[in-house]
Structure formats: C-alpha cells, structure tokens
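The values are calculated or read from the model by the stated rules, or taken from the named source; none is laboratory data. Just so we're clear, the structure is a prediction, and the values are computed from it rather than from any experiment. Virtual Cβ from ideal backbone geometry, glycine too; neighbours counted across all protein chains shown. For accessibility, only protein heavy atoms count, side chains too; no ligands or nucleic acids. Shrake-Rupley method; radii C 1.70, N 1.55, O 1.52, S 1.80 Å.
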Amino acid sequence: MTSATTSPGYAANKQAHITRLRRIEGQLRGLQRLVENDTYCIDVLTQVSAAKRGLDAVALALLEEHLAHCVADAVRAGGDEADAKITEASAAIARLVRA
C-alpha cells in the first residue's frame, strides 16, 4: 500500500482473515501444550503440518487479493509504480515458494 488513503487489497475479507489467523493462533497454543505434555512426536508433527497449511492458505488468499487489487490498480495506472508493484509481487511469491 503506497498511500494512506488506499485500503489494502484484503479489506473486503479482513474479518475472515482475522478469524483464520485466530484459529491458527489457537493451533499454535495447542502445539505448545502438546510439547509440554510430552505428546508423541508424530502427533505433534501432524499438528505442525496443519498449522503450516493454515498459514499457507492465509498467505495465498492475501497474495491473490494483492494481485487483484493493488497490482491490478498499479498496472492500470502504468508507469514506474506498475513495474514496482509487479517486482514486489514477484518477490513475495518467491518468498512464499522458498518457505
């Protein structure tokens, strides 16, 4: 977001994202309890995998909204900002793929 007056691409789905993140937060607290209670390793790893899938889903949704809103608006406007937004989105995708 480059301007204080521009809303983020996820604004329309903000509450859904907050709900998902709170669910993931609960999963992480549950993971802490599993480790504190010496739960079997594979059971802990299964829950780690579930939390990672949840974060990946949030990240992909945010990326999709960023592309549809912020990047698309910049491309329509053209110029240096369009190039910058595309470069920024490409870097974000690269970070997600490496993670």
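The conditions are (1) in contact with a helix residue (DSSP H, G or I) (Cβ under 9 Å, 6 or more places away or on another chain); (2) farther than 18 Å from ILE93 by Cα, and GLU36 fails exactly one of them. Which is it?
(1)
Is there a residue being of a type outside the set (A, V, I, L, M, F, W, C), in a loop (DSSP other than H, G, I, E, B) and at pLDDT 95 or above anywhere in the range 40-50?
For the range 40-50, residues of a type outside the set (A, V, I, L, M, F, W, C), in a loop (DSSP other than H, G, I, E, B) and at pLDDT 95 or above: present.
When you scan the range 19-36, do you find a residue that is outside any loop (DSSP other than H, G, I, E, B), hydroxyl-bearing (Ser, Thr, Tyr) and exposed (fewer than 12 other Cβ atoms within 10 Å of the Cβ), even just one?
Yes, the conditions are met somewhere in the range 19-36.
Please list, ordered by first then second residue, the pairs with beta carbon atoms under 8 Å, 6 or more apart or interchain, first in the range 22-45 and without any contact (Cβ under 8 Å) to a residue 24 or more places away in the chain and farther than 24 Å from ALA57 by Cβ, second small (Gly, Ala, Ser) and surrounded by 10 or more Cβ atoms within 10 Å (Cβ to Cβ).
Final answer for the pair search is none.
Being in a helix (DSSP H, G or I) and open to solvent by less than 60 Å² (accessible area, probe 1.4 Å) is the filter here; which residues of the range 63-83 pass it?
LEU63, GLU65, HIS66, HIS69, CYS70, VAL71, ALA72, ALA74, GLY79, ALA82, listed by residue number.
Say whether the condition of being part of a helix (DSSP H, G or I), of a type in the set (D, E, K, R) and modelled with pLDDT under 95 is met by at least one residue in the range 89-99.
Yes, the range 89-99 contains a residue that is part of a helix (DSSP H, G or I), of a type in the set (D, E, K, R) and modelled with pLDDT under 95.
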